[in-house]
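In what follows, a structure is listed as structure tokens, so that the remarks can point back to it.
The values are calculated or read from the model by the stated rules, or taken from the named source; none is laboratory data. This structure is a prediction, so every number in the text was calculated from the model and none was measured. Every residue, glycine as well, gets a Cβ built from its backbone with ideal geometry; the counts of neighbours run over all protein chains shown.
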Ligand SMILES: NC(=O)c1ccc[n+]([C@@H]2O[C@H](COP(=O)([O-])OP(=O)(O)OC[C@H]3O[C@@H](n4cnc5c(N)ncnc54)[C@H](OP(=O)(O)O)[C@@H]3O)[C@@H](O)[C@H]2O)c1
């Protein structure tokens, strides 16, 4: 499997992918979001019964404090967990970034983050270019990384142009770029670019927010492998070497989404799924952000 082939080995949360920070991120995580609701019981179930050890959240999602409660109730130790959260654009800039990171840690009840991401390339700061604000923000992220408050740092929704600018402006190459990735949105050029620079590609919306689950090819492959459409989509992401973070508010679906390590999709079937790319976004399209 691509993740194991990458040399990350396997931990309590399943196979993990090594980052240039020296840490390894579990290839399968649990998404959380302000869209579609938050379920305390589902998160506790994921941690206690499904072996989930990687949680993806963001200040924007408004559930960092709720996650603190769920993690505490689950009994899973901090050191066994991978927690990613994200910096929202209202907090961009050098000073604000440092403050926002501490606030996220406080809401989550942790004294370090496993991964902190700049959420979105658009800065919305009057009188300053996005590039300038991203560089100031990233400088703060670099320091948070050096201080150990963030054990890995990265970006989200960054295109090649944004990453190229950051390369000219800053020192530390992001460890991760989290972007939309599902059968209808497979940005291979961006994935290849990230790989060429040692940036691990993390894919969000692996089920295309549910849209991919009714595609005839996905349904056909699910029947062929005796799996569900969601398991086919998640497994396909993983076989393509993508760290993936499906979200569900339902315990039984989280259980289903975690059962993806006991089968392999044959290469020609991976190609069928690869061929479904039509460029559609079910989340944000960063292509107009300079
Ligand atoms: N960085 C970014 O800008 C960004 C943007 C978007 C998302 N994300 C991250 O990516 C995560 C996942 O994205 P997402 O939630 O938008 O999309 P997704 O994971 O592709 O799809 C979630 C949807 O699929 C449903 N679902 C989940 N498992 C299912 C199953 N086994 N069978 C049928 N339906 C199922 C969920 O409904 P139920 O809850 O009813 O099960 C929900 O409606 C988010 O939680 C977030 O952490 C990041």
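Some notes on this structure:
- Which listed residue, of 7, 36, 51, is farther than 25 Å from residue 200 by Cβ and either assigned to a loop (DSSP other than H, G, I, E, B) or at pLDDT below 95 (or both): 36
- Against the criterion of being in contact with a helix residue (DSSP H, G or I) (Cβ under 8 Å, 6 or more places away or on another chain) and within 24 Å of residue 65 (Cβ to Cβ), residue 94 does not qualify.
- Residue selected from region 54-66 under the condition touching a strand residue (DSSP E or B) at 6+ places or on another chain (Cβ under 7 Å) and not in a helix (DSSP H, G or I), by the criterion farthest from residue 15 (Cα to Cα): 58
- Residues being touching a helix residue (DSSP H, G or I) at 6+ places or on another chain (Cβ under 7 Å) and buried (at least 21 other Cβ atoms within 10 Å of the Cβ) - total across region 34-59: 8
- Check on residue 217, more than 15 Å from the ligand (Cβ to nearest atom) and either under 21 Å from residue 134 (Cβ atoms) or modelled with pLDDT under 95 (or both): no
- Only residues that are surrounded by 14 or more Cβ atoms within 10 Å (Cβ to Cβ), in a helix (DSSP H, G or I) and either within 16 Å of the chain's Cα centre (by Cα) or within 16 Å of the ligand (Cβ to nearest atom) (or both) were counted across region 177-198, and they come to 3.
- Odd one out for residue 106 among (1) crowded, with 23+ Cβ neighbours inside 10 Å; (2) free of Cβ contacts under 8 Å to residues at least 24 places away in the same chain: (1)
- Applying a threshold of 7 Å to beta carbon distances and a minimum spacing of six or more residues, or different chains, the list of pairs starting in region 39-64 at a residue that is more than 13 Å from residue 247 (Cα to Cα) and ending at one that is more than 12 Å from the ligand (Cβ to nearest atom) and at pLDDT below 95 reads 51/12; 51/13; 51/14; 53/11; 53/12; 53/13.
- Flag for residue 245 being closer than 19 Å to residue 84 by Cβ and within 10 Å of the ligand (Cβ to nearest atom): yes
- Of the helices (runs of 4 or more DSSP H) entirely within region 199-275, those holding at least 1 residues that are in contact with a helix residue (DSSP H, G or I) (Cβ under 9 Å, 6 or more places away or on another chain) and farther than 23 Å from residue 189 by Cα occupy 216-225, 229-239, 251-258.
- Summed over region 254-271, residues that are away from the ligand (no atom under 16 Å from the Cβ) and surrounded by 17 or more Cβ atoms within 10 Å (Cβ to Cβ) total 2.
- Some residue of region 111-122 being within 16 Å of the ligand (Cβ to nearest atom), crowded, with 22+ Cβ neighbours inside 10 Å and assigned to a helix (DSSP H, G or I): no
- Taking region 67-87 as the range and being crowded, with 17+ Cβ neighbours inside 10 Å and not in a helix (DSSP H, G or I) as the test, the residues that pass are 76, 81, 82, 83, 84, 85, 86, 87.
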